[in-house]
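Single-structure report; data block below.
The values are calculated or read from the model by the stated rules, or taken from the named source; none is laboratory data. As the structure is a prediction and not an experimental result, all values here were calculated from the model. Counting neighbours? That spans all protein chains shown, and the Cβs are built from the backbone with ideal geometry, glycine included. Protein only, heavy atoms only, side chains kept; ligands, DNA and RNA dropped before computing areas. Shrake-Rupley method; radii C 1.70, N 1.55, O 1.52, S 1.80 Å.
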Amino acid sequence: MVHNVLTPRPDPKLLSIVMPFYNEEEIFSLLRPELTEFLDKSPCPCEVIAVNDGSSDRTIEKLVAWSKDDSRFKVLNLSRNFGHQYASTAGIDHSSGDAIVLMDSDLQDPFEVIHEMVAEYRDGYDVVCGQRAVRAGEGILKKSSAWLFYRFMRMFFLKSLPQDVGDFRLMSRRCINSLISMRELHRFLRGMVAWVGYPQTCVRYQRRPRAAGVTKYPLWKMFRLAWTAAVSFSALPLRLSFLGAGVMTLVAIEEAVRALVAHFSGKTVPGWTSLMVVLSLSNAALMIAVGILGEYVGRIYEEGKARPLYVVAEAWNLAQPGESDKHEVLAITRDGITC
């Protein structure tokens, strides 16, 4: 682990709270009073960047109404559902605070933990992660798969990735600036923040059950995110396919020697089963290797198109100088904002 010299600093002049929303209309009656109370009592000024990720319910209507009542609440409306990692990226790109807190809108992560994160920020840490000591409301399968995922990632792909940590974290402005410069299409924000490498620490807390609605991260989405994390930070799957091919080569050599012995012994017919087994295993290993290679080539192809990570259709309380409060932004390209 890298040893860093920490330089104490004051409270952030502005704290940005980035919250993606996707079909969360049921949560507003609980979220709004709790978040408003936190904003009113916070010792430093705050803004909330709420990103509607193409919700199909009345989420955007409730967000807009909230933004009209409270200027601290700012809304981005994406043109369609891009996914949690892209919605989070959009909020981060449009935040202006000295420190940014990324968190979900389901009230599983308590707002009071942010005070502990700010305290660590004052001590000089650039990244303060919320580490889950208790995961209330989650099944055994989800808990066990998450436990295995973080340890597998640390062992084989990204040693700096903290264990049992989701997207709930505080980041300093210099960390955010480095993160914004990374415009890769296949995004695993937890790994990207760890890769940046600034001083990092964790705050342990008890994660609460979801307050309302249903989870937007079913098991298949978790596996897809895990696969993105694996192939985005290492070529190990390609090397493993090479290793598998090497093992199959040894098996094929052994079977070839055995076939020759059987031939000179006059026992060629019984070798048909072994031949079929070796052919089947060899073809299976070859197809697996080609599939993994195709996954990497496909990602290179998608990155090469250089499409914007997301498209902002409308925004409220985020107008640029000279523009109205509600404005249209066509795209955030990998080089900057295109209006």
Candidate set: the range 22-51, residues that are of a type in the set (D, E, K, R) and part of a helix (DSSP H, G or I); chosen: the one most open to solvent (accessible area, probe 1.4 Å): LYS41
Residue within the range 52-67 that is small (Gly, Ala, Ser), in contact with a Phe, Trp or Tyr (Cβ under 6 Å, 6 or more places away or on another chain), buried (at least 19 other Cβ atoms within 10 Å of the Cβ) and in contact (Cβ under 8 Å) with a residue 60 or more places away in the chain present: yes
Residue within the range 2-13 that is closer than 27 Å to PHE188 by Cα, open to solvent by less than 20 Å² (accessible area, probe 1.4 Å) and among the β-branched types (Val, Ile, Thr) present: no
Odd one out for LEU63 among (1) touching a Lys or Arg at 6+ places or on another chain (Cβ under 9 Å); (2) at pLDDT 95 or above: (1)
